[in-house]
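Written out below as structure tokens is the structure these notes cover.
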Amino acid sequence: MVGLSAAEGYETLAYALAQDGRFELTALADVVDAQSSVPAIVMLLLLILGAFFGMLTSAVALWRSAAVPRAAVLMILAFLVVDFFLYEGFGIAPAWASHVFDFVGACLIASAVLLAGRAGSSDEALRQVSLVQQSRGSG
């Protein structure tokens, strides 16, 4: 999220400078478009790598936990493939396509959470654990 915040702040600054009127827009556009300084590269690496590996790690954790439908996890993976490779990499997917997968996956996760109901109290969970341990020790 640090990379996203930095990218959004950079875009906001570029927009504010363009609207200011004290700068020649052609020269400003050349500087903004050709931004390849070390801080800009680090900012984009934080954003791209953090987003990709963060979502991939979340998808693996959700798959292993079985707390949400498998289709939701597949939607996260489809988002990654479409957004990072088909749209950004090859330019063969429309810009909105990846967000449809992400939205459907998020709705599936939300419905799983809402339909799960309330968890039992912590006292009840501790009693169940102690009963399981006692049954293992006596068997």
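Scanning the range 60-75 for residues that are modelled with pLDDT under 95 and surrounded by 18 or more Cβ atoms within 10 Å (Cβ to Cβ), which turns out farthest from Ala6 (Cα to Cα)?
Only one residue tops the list, namely Val68.
If only one of Ala97, Ala125, Ala93 is modelled with pLDDT under 90 and not basic (Lys, Arg), which one is it?
Ala125
Looking at the range 88-109 only, could you name the residues that are more than 22 Å from Leu44 (Cβ to Cβ) and either within 15 Å of the chain's Cα centre (by Cα) or charged (D, E, K, R) (or both)?
Across the range 88-109, the qualifying residues are Val100, Phe101, Phe103, Val104, Gly105, Ala106, Cys107, Ile109.
Tally up the residues in the range 59-87 that are under 16 Å from Ile48 (Cα atoms) and under 16 Å from the mean Cα position of the chain (by Cα), please.
Total meeting the criteria: 9.
Which one of Phe23, Phe79, Phe85, Phe53 is assigned by TED's automatic domain parsing to the domain that holds Asp102, more than 23 Å from Leu115 (Cβ to Cβ) and either aromatic (Phe, Trp, Tyr) or not in a helix (DSSP H, G or I) (or both)?
Phe85
Specify the residue that is modelled with the highest pLDDT; the eligible residues are those in the range 28-41 that are surrounded by 13 or more Cβ atoms within 10 Å (Cβ to Cβ) and under 18 Å from Glu8 (Cβ atoms).
Among them, the one singled out is Ala40.
The values are calculated or read from the model by the stated rules, or taken from the named source; none is laboratory data. As the structure is a computational prediction, the values presented were derived from the model and not from experiment. Neighbour counts are summed over all protein chains in view; Cβ atoms, including those assigned to glycine, are modelled from backbone coordinates with ideal geometry.
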